[in-house]
Amino acid sequence: MFTDESLETVGTESSWRRSLQSVQESRSCQTRPLHTAEAIVQAGHYSDSGTQTDAQDSSGEYHEASGDHPGLKEFLDGVEEMIIKELIKNSRSHAFDGFEVNWVDHNETVSCIHRLQHPDAQSRGLQVTSLSWSCTGSVIACAFGRVDDGDWSTERCCVCTWNLDRRGLDPKRPDLVIDVPSAVMCLAFHPQRPSLIAGGLYSGEVVVWDTSRTQDSILAQTGMSADTHREPVYQVQWVPGSRRGEMDMLSAGSGGRVLQWRVDGVEGRLVLASGFALVRQQVPMINTISKARGGSSIGITALALSPWDPDSFLVGSEGGLVLKCAFSSQTVAAAPPDGESVTLRAPAQFCFSPSSGPVHSVHCSPFHRNLFVSGGTDGLAHLHSLLQPEPLLSLRVCDSSYVFVVRWSPTRPLVFAAATGQGLVQIFDLGRRSLRAATTIDQEAGGKPVYCLEFNPRQPHLLAAGNADGTINIWQLSADLTEQGPRESAQLEQLANEVAD
Amino acid sequence: MAEVEETLKRIQTHKGVIGTIVVNAEGIPIRTTLDNSTTVQYAGLLHQLTIKARSTVRDIDPQNDLTFLRIRSKKHEIMVAPDKEYLLIVIQNPSE
């Protein structure tokens, strides 16, 4: 039924290929004749051998380490006994108990080395509102203004600087006087460039002055735009900026805004980089703690940056709250937008137990990451830990007046200084048994309040304090207030660990 | 070389020891229990001081040689055991 078939093939010829072929050309090339040669090699001797690896254990890599350091094991064997014997002897020895060496002549007393005044400002009755030491520690800048005047004034105030290391220092004549159209409430020197000073004014403006310029010292200012504060600016601080190596300015005012400005020296403007607004409703846990009613925005009177955690900062308010805030917070603030160019965020993360009056000053300890001290109108200095709302310790600074500034000492972990409204500076040493001040310095300003207090960052035995009568006293502290003892860090750690469970 | 690690661990776990560093003859740290920057600082400074101490001892009496170096400071005690090829540095806080 099935047979093989073979069919003829059917094909068609291409119509175009021939035309292409007619265009083809052929070329050929040839190299010059190659030289070749032949040679033969033969091995005379043969030998066979084989290798095989054994199963390796994992200590193989240590062999390489000793290969790099021959003799290390023998050295350590020889030396180990001697070292261990010395370590044991040391931990038991009392040979050095109480042995102190005097490398420098110790000052036993606290003395006032300079009393700086600006007679022009003093005659107008201006008060020293803020002080700042330059990063080199030799120049001190003072801001003159009014703290007790509740009204907007157009009185011209000034910022004066004195260079304490100059030989021809005249305490009555500042080296540089900068005129400012409104009262200056706060000052901060740039931490790296010794000629830049930032200041916050009563009118809400923030200005950066460059003292190396002879003509117009203003390097940059905010001007009165929609971005600026509407209320007095109480604190300015320099923070590391968004670009590497640059520093931005953080300003906080009683309008409840904390704004971060970028310095644009070319155009002479401060450009708003980011901002935070503190609103009562957005503060965590506040309803359970405080029953006080008030406006919705929280006026800020104190600001402290943490040297340990670049993201967090502490804020003290007019209502007595102390809040822990974060730069990286992303929650949008509930404050009504007022035409600012950036969206304001709510930074508050944690609320500490409030005090009864405005918190004038907050400062983070440079020796322990969890401790900070705060002072306000209740006359107490509270030592707080970041881990709990209640303070660890409350020290009575003065009986019937306010505490205006608290500052930790830059060299002794257990020492801090507090400035009172009675014209005294109290220095507390937490290592002592008693809760009273270790040293009291009388400013001799006729009982007028001391509004500002700063330790010199480079020469830690110098302390500057500015009074309401327009004078600034530079104190040289005694050695026992500046020399660190051997066990202070451990004692501070112990204090910080007394956090209640 | 588990013995090397064991020996160093025995020294490190003694009372009050903050850190242990082994430095070779060129001043380069080869074993350490501290962080990098502190180690490099200690190794460089103490290596130079050990050389100076040894030359002091030998200048006074050429038959003598340095066997141990201890530096006592306010906060801790640094002990250096020198050798031809290596240096062992131990930092102890004796008041703990």
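Laboratory data are not the source of any read-out in this text; all were calculated from the coordinates shown. It should be emphasised that the depicted structure is a prediction, and the values quoted were computed from it without experimental measurement. Here the Cβ positions follow ideal geometry from the backbone for every residue, glycine too, while neighbour counts run over all protein chains shown.
Structural remarks
- A Förster radius of 51 Å combined with the Cβ-Cβ distance from A:Asp120 to A:Glu267 puts the calculated FRET efficiency at roughly 0.95.
- Cut-off 12 Å, label 7 Å out along Cα→Cβ of B:Ile71, residues of the stretch B:1-42 by amide N: B:41-42
- Inter-site label distance for A:Asp216 and B:Gln41 at 7 Å from Cα along Cβ, in nm: 4.5 nm
- Pairs of alpha carbons in the stretch A:137-219 whose separation is greater than 18 Å (percent): 42 percent
- Label-point separation in nm, A:Arg436 to B:Glu5, each point 7 Å along Cα→Cβ: 5.9 nm
- Which listed pairs, of A:Lys324/B:Lys15; B:Lys9/B:Lys84; A:Lys324/A:Lys448; A:Lys73/B:Lys75; A:Lys89/B:Lys75; A:Lys89/B:Lys9, have C-alpha distances above 29 Å, in listed order: A:Lys324/B:Lys15; A:Lys324/A:Lys448; A:Lys73/B:Lys75
- Between the Cα long axis of helix B:36-60 and the first principal axis of chain B there is an angle of about 30°, rounded to the nearest 10.
- Each residue of the stretch A:438-482 gets 72 Å³ once the volume of the Cα convex hull is shared out per residue.
- With the simple spin-label model, which puts each label point 7 Å out from Cα in the Cβ direction, the A:Ala334 to A:Trp103 separation comes to 5.5 nm.
- With Cα atoms defining each centre, the stretch B:19-96 and the stretch A:332-392 are spaced 46 Å apart in the structure.
- Over 23 Å [Cα-Cα, chain B], rounded percent: 25 percent
- With Cα atoms as the point set, the radius of gyration and Dmax of chain A evaluate to 37.1, 136 Å.
- The equivalent ellipsoid of the stretch A:183-354 has semi-axes of 28, 16, 15 Å, largest first, where each one is the square root of 5 times an eigenvalue of the Cα gyration tensor.
- Per-residue mean of foreign Cβ neighbours for A:471-483 is 0 (Cβ atoms of other chains, 10 Å radius).
- For a label point 7 Å along the Cα-to-beta-carbon line of B:Glu26, residues of the stretch B:57-96 with backbone N under 16 Å: B:85-87
- Dipole of the stretch A:183-354 computed with +1 at Lys/Arg Cβ and -1 at Asp/Glu Cβ about the Cα centre; of A:Gly204, A:Leu305, A:Gln221, farthest Cα towards the positive end is A:Leu305.
- A convex hull fitted to the Cα coordinates of the stretch A:72-196 yields 261 cubic angstrom per residue.
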